[in-house]
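Here the structure is laid out as structure tokens; the discussion comes afterwards.
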Amino acid sequence: MSLLFSSSSFFVFVLMAHFGDVRPEELKPKNIFLLAGQSNMSGRGGVYNDTKTDTLKWDSVIPPESTPSSDILTLALNNTWVEAREPLHQEIDSLKTCGIGPGMPFAHAILEKEPSFGVIGLVPCAIGGTKIHEWQRGTKLYNQLVDRARASVQSGGKIQAMLWYQGESDCGDEYYKFYKERTEKFFNDLRADLNSPDLPIILVVITSSEGDHMADIRRDQQKINLKNVENVDAKGSTFLPDDKHLDTKSEIRIGQKLAHKFLTSNF
């Protein structure tokens, strides 16, 4: 009896020791997308002004196109992969009130069209209110983007594209003339520093502005003539009461347009 007990105890001990070393499989994506630009990439869908406190708040409404999925991950601020949840940019764009953006709808649209695409990793890097000169090589935003892009591939996976939505803040008199030149330099420098000379970039052509030169910025965005740079037009979008930030419906629409462009382009 005692021998049987000892043998059984030893067997249980071995099992416990064995399974005690088993850890959940590390989350890691197969296909990685960089999300960069300013507030409409960061996401302001569902953000409203609380008149009682005179502060901006998010309504916490998550549409079906932005629901969490085990097949959609995000790179957290500490450069670890976690399951993506809205607001996707809340850690990165931490000084602003974030809401629904195009990132989650983009990923859902990809997986809906290509169910075998593999786990998607989103890398939030957008910061509201930023101008193109703040994204030039050597700046804080540029360095953060490069650092996070490099960190994103440490567990495997491939950066498939950068999604870029920026330009509203460059519509002023002193900025718009330099937009095309600075944007092309930014794209070229980023590709060089990531050792990815043909990195696909899909930019959103703006349809709201903080200045009088939106038409000039739109023209320059559409005239960028670099290999593997495509664009989708935000024209037709609907906005929050400030007439600058996309509402949830249009953030979803832009995410889906970006997904369609990625899937139908010959990158």
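Here, each number is a calculation from the coordinates, and none is a lab measurement. Just so we're clear, the structure is a prediction, and the values are computed from it rather than from any experiment. Here the Cβ is made from the backbone with ideal geometry for all residues, glycine too, and neighbour counts use every protein chain on show.
Which loop-located GluC sites (Glu not before Pro) does the range 170-206 contain, where loop means any DSSP state but H, G, I, E or B and the Cβ has at most 14 other Cβ atoms within 10 Å? Before the final figure, lay out the partial values.
Details: sites: E174, E181, E184; in loops: E174.
Counting only loop positions with at most 14 other Cβ atoms within 10 Å, the GluC sites (Glu not before Pro) in the range 170-206 are E174.
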| field | Euclidean distance of C-alpha centroids, the range 215-261 and the range 53-80, integer Å | value | 21
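Multiply the residue gap between T139 and K158 by 0.36 nm, knock off their C-alpha separation, and tell me the result in nm, one decimal place. Show your work: numbers first, answer last.
On the way: separation 19, 0.36 × 19 = 6.84 nm, distance 2.47 nm.
In short, 4.4 nm is gained.
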| field | On Cα atoms only, tilt of 179-193 relative to the major axis of the chain in degrees | value | 30
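Pairs of alpha-carbon atoms within less than 8 angstrom and 6+ residues apart define the contacts here; what relative contact order does the chain have, in percent? All intermediate terms of the calculation are to be shown ahead of the outcome.
Details: 520 pairs, mean separation 62.4, N = 267.
Result for the chain is 23 percent.
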| Estimated 222 nm signal from helices in the chain, with DSSP H stretches of n ≥ 4 weighted -39500 (n - 2.57), rounded to 500 | -10500 deg cm²/dmol
| remark: Projecting the Cα atoms of A84, T97, L27 onto the charge dipole of the chain, where Lys and Arg contribute +1 and Asp and Glu -1 at Cβ, the residue farthest towards the positive end is L27
| task | Sticking with the crude label model, points 7 Å out along Cα→Cβ, report the distance from V82 to T53 in nm, one decimal please. | result | 2.1
| query | Among the DSSP beta bridges whose two residues both lie in the chain, what percent are antiparallel, rounded to the nearest 5? | reply | 30
| With +1 on each Lys and Arg Cβ and -1 on each Asp and Glu Cβ, how big is the dipole of the range 30-264 about its Cα centre, in debye rounded to the nearest 20? | 560
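With a ≥ b ≥ c taken as the square roots of the eigenvalues of the C-alpha gyration tensor of the range 30-129, please select rounded if a/c is under 1.5 and otherwise prolate if a/b is larger than b/c or oblate if it is not?
Values: a/c = 2.33, a/b = 1.69, b/c = 1.37.
Taking the square roots of the gyration eigenvalues as a ≥ b ≥ c, the range 30-129 is prolate.
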| Short version: ³J(HN,Hα) in whole Hz for each residue of the range 132-139, in order, from phi by Karplus 6.51 cos²θ - 1.76 cosθ + 1.60 (θ = phi - 60°), x for Gly and Pro, what are they? | 5, 5, 7, 10, 6, 3, x, 7
| Cα long-axis angle, helix 140-152 against the chain (0 to 90 degrees, to the nearest 10) | 30
| query | Taking a ≥ b ≥ c as the square roots of the eigenvalues of the Cα gyration tensor of the range 30-264, is the shape rounded (a/c under 1.5), prolate (a/b larger than b/c) or oblate? | reply | rounded
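Based on the Cα coordinates of the range 48-188, what is the per residue volume of their convex hull in Å³?
On the way: hull volume 19.6 nm³, N = 141.
So the per-residue Cα hull volume is 139 Å³.
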| message | Just to be sure I understand: with springs between alpha-carbon atoms less than 10 Å apart, which residue in L88, L27, L203 has the highest mean-square fluctuation in the Gaussian network model of the chain? | response | L27
| query | Taking the chain as a Gaussian network, Cα atoms linked when under 10 Å apart, which of L190, L226, L145 shows the biggest mean-square fluctuation? | reply | L226
| Cα shape, the range 160-267, gyration tensor, a/c 1.5 rule | oblate
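Give the percent of DSSP beta bridges with both residues in the range 155-267 that are antiparallel, rounded to the nearest 5.
On the way: 1 of 9 bridges.
DSSP beta bridges in the range 155-267 are roughly 10 percent antiparallel.
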| message | Modelling each spin label as a point 7 Å along the Cα-to-Cβ direction, I'd like the T67/A151 distance in nm, to one decimal. | response | 3.0
| message | Using Cα springs under 10 Å in a Gaussian network model of the chain, which residue among D220, D50, D71 shows the largest mean-square fluctuation? | response | D50
